Amino acid sequence: MASFPVFEVREGEWASEKFVDVLGLKIPLRFTPDPQLLADFISNFQTRADDVFVATFPKSGTTWVQEIVWQIFNDGNVHSETIFQRVPFLEIANNLHFPQPDIKTLPSPRILKTHLPYDVIPKGANKDTRCKYIYIARNPKDTVVFSRRP
């Protein structure tokens with residue numbers, strides 16, 4: 001079994017949340033109680049030709065775009081369920097602490113959210129399993145909150 005190092009950045013009294021290295025990515029530890037399960041799930045995930053991934057860097061307008069894509073697929077209907085129940089987050093698909101629909105049993109077309117980079121995101125192996133990706137690009141400076149120290 002592979003080893004999954006846990007990271008935490010400390011600066012003075014401040015400490016970041018804990019991260020675990022999965023497939024070369026720092027994933028928040030709260031997202032994955034079992035890093036091996038997550039690594040296997042991402043590596044073996046089977047895409048479908050009509051899947052649509054909303055792929056973004058965190059805090060780049062992901063939720064907004066998910067809602068737009070969901071409404072396009074559903075004739076502009078508004079739904080009372082939260083977007084997190086209608087569009088599953090790939091990285092927490094196996095986490096029991098974040099209940100969401102089972103991605104593998106969702107009917108087609110599936111809309112899926114991910115923050116995975118291009119080299120790790122699941123891709124179809126042939127023409128029948130190649131799906132669509134909507135990538136939101138945003139100035140990284142706009143996604144980070146800066147605080148000034150006194």
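The values are calculated or read from the model by the stated rules, or taken from the named source; none is laboratory data. None of these values were measured; they are calculated from a predicted model. Every residue, glycine among them, receives a Cβ derived from its backbone with ideal geometry; neighbour counts consider all protein chains shown. We work out accessible area using only protein heavy atoms, side chains counted, and drop any ligands, DNA or RNA first. Shrake-Rupley method; radii C 1.70, N 1.55, O 1.52, S 1.80 Å.
Applying the condition of being among the hydrophobic types (A, V, I, L, M, F, W, C) and modelled with pLDDT under 90 to the stretch 84-101 and asking which residue is least open to solvent (accessible area, probe 1.4 Å) yields Ile92. The residues of the stretch 1-23 that are hydroxyl-bearing (Ser, Thr, Tyr) and open to solvent by 60 Å² or more (accessible area, probe 1.4 Å) amount to a single one, Ser3.
Identification of strands (runs of 3 or more DSSP E) wholly contained in the stretch 1-88 with 3 or more residues that are out of contact with any strand residue (DSSP E or B) (no Cβ under 9 Å at 6 or more places or on another chain) yields no element.
Has the stretch 48-69 got any residue that is at pLDDT below 90 and of a type in the set (A, V, I, L, M)? No: zero hits. For the stretch 48-69, the candidate set comprises residues that are in contact with a helix residue (DSSP H, G or I) (Cβ under 7 Å, 6 or more places away or on another chain) and open to solvent by less than 30 Å² (accessible area, probe 1.4 Å); within that set, the residue that is farthest from Lys141 (Cα to Cα) is Val52. Among the residues of the stretch 101-124, is any polar (S, T, N, Q) and over 21 Å from Gln46 (Cα atoms)? Taking every residue of the stretch 101-124 in turn, none turns out to be polar (S, T, N, Q) and over 21 Å from Gln46 (Cα atoms). Taken over the stretch 107-136, residues that are out of contact with any Asp or Glu (no Cβ under 7 Å at 6 or more places or on another chain), of a type in the set (D, E, K, R) and either in a loop (DSSP other than H, G, I, E, B) or open to solvent by less than 20 Å² (accessible area, probe 1.4 Å) (or both) amount to 5. Residue count for the stretch 56-105 satisfying the condition of being touching a residue at least 60 places away in the same chain (Cβ under 8 Å) and not aromatic (Phe, Trp, Tyr): 14. In the stretch 24-46, is there at least one residue being in contact (Cβ under 8 Å) with a residue 60 or more places away in the chain, surrounded by 11 or more Cβ atoms within 10 Å (Cβ to Cβ) and in contact with a Ser or Thr (Cβ under 8 Å, 6 or more places away or on another chain)? Taking every residue of the stretch 24-46 in turn, none turns out to be in contact (Cβ under 8 Å) with a residue 60 or more places away in the chain, surrounded by 11 or more Cβ atoms within 10 Å (Cβ to Cβ) and in contact with a Ser or Thr (Cβ under 8 Å, 6 or more places away or on another chain). Could you please let me know if Lys104 is closer than 23 Å to Lys132 by Cα, part of a helix (DSSP H, G or I), open to solvent by 50 Å² or more (accessible area, probe 1.4 Å) and among the basic types (Lys, Arg)? Criteria met by Lys104.
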